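Bear in mind that the values in this text are calculations on the coordinates, not laboratory data. Computed from a predicted structure; not experimentally measured. Ideal geometry is used to build each Cβ from the backbone, glycine not excepted, and the neighbour counts take in all protein chains shown.
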Amino acid sequence: MMKKPSSPLVYSCATGRICPACSKPVADCGCRRSTPTAPKGDGLVRVGRETKGRKGKGVTVISGVPLPIEELKALARELKQKCGTGGTLKDGIIEIQGDHRDSLIELLKSRGWAVKRSGG
């Protein structure tokens with residue numbers, strides 16, 4: 001008797017990445033788990049500063065941007081270049097190293113979004 005593998009196939013040389021939910025190639029996948037969606041919010045883009053969990057180092061946090069994940073990645077890349085610093089995109093929230101709230105608020109307002117400064 002053959003034992004069933006404990007983990008599903010996630011990559012195939014012939015088709016590339018495989019969706020773990022429906023076992024189809026990610027390009028052909030129609031299930032909800034593999035299609036990224038834009039984060040839901042109240043229509044305001046919030047720009048704040050956080051130091052929690054970063055050993056005192058401050059980062060500028062941007063949340064509520066009404067874009068799909070791929071466009072959020074491009075926006076994060078552009079904002080990092082404008083600030084001349086590093087950063088990341090985690091769970092639909094853009095983190096830029098350092099305190100760049102004022103310049104980022106102006107950049108986001110120029111794109112036509114309602115921007116609000118959050119936190120202290």
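Just a few scattered comments:
- At R0 = 22 Å, FRET efficiency that the Cβ-Cβ distance of residue 14 and residue 69 yields, to 0.05: 0.25
- Over region 75-120: Kirkwood hydrodynamic radius from C-alpha pairwise inverse distances, Å: 11.1 Å
- Under a 5 Å amide H cut-off, with hydrogens placed 1.01 Å from N, residue 17 pairs with 12, 26 among residues at least 5 apart or on other chains.
- Close amide H contacts of residue 116 (hydrogens built in the peptide plane, cut-off under 5 Å, sequence separation of 5 or more or a different chain): 45, 46, 47.
- In a fully extended conformation the segment linking residue 81 and residue 97 would gain 4.6 nm over its present Cα-Cα distance, using 0.36 nm per residue.
- Length released on extending from residue 88 to residue 31, taking residue separation times 0.36 nm less the Cα-Cα span: 17.8 nm
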